1. What is the list of residues in segment 133-161 whose amide nitrogen lies under 15 Å from a point 7 angstrom out from the Cα of residue 182, following Cα to Cβ?
2. Using only the Cα atoms, what convex hull volume per residue in Å³ does segment 60-325 have?
3. Between residue 319 and residue 97, what is the spin-label point distance in nm, taking each point 7 Å from the Cα along the Cα→C-beta axis?
4. Need one number: nm distance between label points at residue 157 and residue 83, each 7 Å from Cα along Cα→Cβ, rounded to one decimal.
5. What pairs from 142/260; 162/184; 142/298; 85/162; 235/298; 142/275 go past 23 Å between their alpha carbons?
6. What's the exposure ranking of 199, 101, 292, going from fewest to most Cβ atoms within 10 Å?
7. Which aspartates and glutamates, on any chain, are close to residue 97 with Cα under 17 Å apart, when same-chain ones fewer than 8 places away are left out?
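Just so you know, all these numbers are worked out from the coordinates, no wet-lab data involved. Predicted model, so just to flag it, every value in this text is computed and none were measured. Here the Cβ positions follow ideal geometry from the backbone for every residue, glycine too, while neighbour counts run over all protein chains shown.
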Amino acid sequence: MVKPYAAGGRRRKVVVVSQLKIVVLMLGLVSCIILFAHNEWHNYLLAINNNINDAIFFSIGKDSPTASEIRQLLVNERQNVIITKPNNVADGYDYFKDMSEIYELTYAFVAEFQALGIPIFLAFGSHLGAQRHHGIIPFGEKDVDFAIFSLNHTQIKDTINKVLQERGRDTAQIDKANFGYHAKVQNLSHYYDFWMFRELDNQVQCIGFDPKECGSVCAKNNILPGCSDWYHRFKGGAMSPLFTYEQWFPPRYQVFGTHKVPVPNSNRDLDIQYKEGGPWDIYCGGGQKNSERLCSKKYEDYPFVFSSARLEELRQGSIVLHQSSIASPLTSSTLVYAKKK
């Protein structure tokens, strides 16, 4: 009776040993998986430092980023490239301080107008900068352009004032222009222009001030009212161009500096604004089309966006500064403006 028992004991020992081996193998496998996952997560954390996350935007009810936050992001991104300073700055210019404060106000203006339910877009040169450089055009640019979809000039000016005062910019000068408002902020290299737009009957157009609203201010400065006057003076057109609603709405969200902000749903405004100088993604700067104006001649000195089917990459020379998904409309109802009936 002992042998069968002993044999059974041995069988149980073999089974237990086999089970222990399986457990050890499983633990080893789990450890490998955990280690692999940890390494992948570590690599991911390293990678996102060099990427613009689609979730990095601000909206109604969320504070816009501060200059110090923006500065840190810019420093991390640009630490391995040589920065060419703008032409219109003095000796001792601090690029990171200047740009972070310009972007801080840019994001604050966007957030404040959005909170009021007023559509706001980057327009003209700023739209071009977002598309071609993921930021302010790094050569020859002097301002940040906004398209504001409102003709309530009092509310627009009050909103501009509110943003400036909340950020300690009480000394900023706000002037009327034929297209809307011009804001010059002390100690910043760039100013801000607010172009007053209107959407009516499925058409979008820059309107600016009408004669009654502009009045003596325009007469004193020899400025005729309206965006059409601006286009007549500087573009040789009889009136400001008409766009379809779908060419502007819903807005896409494109990288501008360190965060994504709204731009028109198409690049039609760029095609019209820069048609005389050649394709805006091939030629850089003003003047006639020639080989000296090719953007490719600036690739080593300035950051440019390079696009694939799903990805945009900001590069300076061979150095990748960041990556982002292709700009597209967001689905959030708080960020995409529905067409009003």
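1. 142-146
2. Value for segment 60-325: 143 Å³ per residue.
3. Label at residue 319, label at residue 97, 2.2 nm between them.
4. The modelled label-to-label distance comes out at 3.5 nm.
5. Details: 142/260 21 Å; 162/184 15 Å; 142/298 19 Å; 85/162 30 Å; 235/298 26 Å; 142/275 20 Å.
In this structure, 85/162; 235/298 exceed 23 Å between Cα atoms.
6. Ordered from fewest to most neighbouring Cβ atoms within 10 Å, 199, 101, 292 come out as 292, 199, 101.
7. Output for residue 97: 69, 77, 143.
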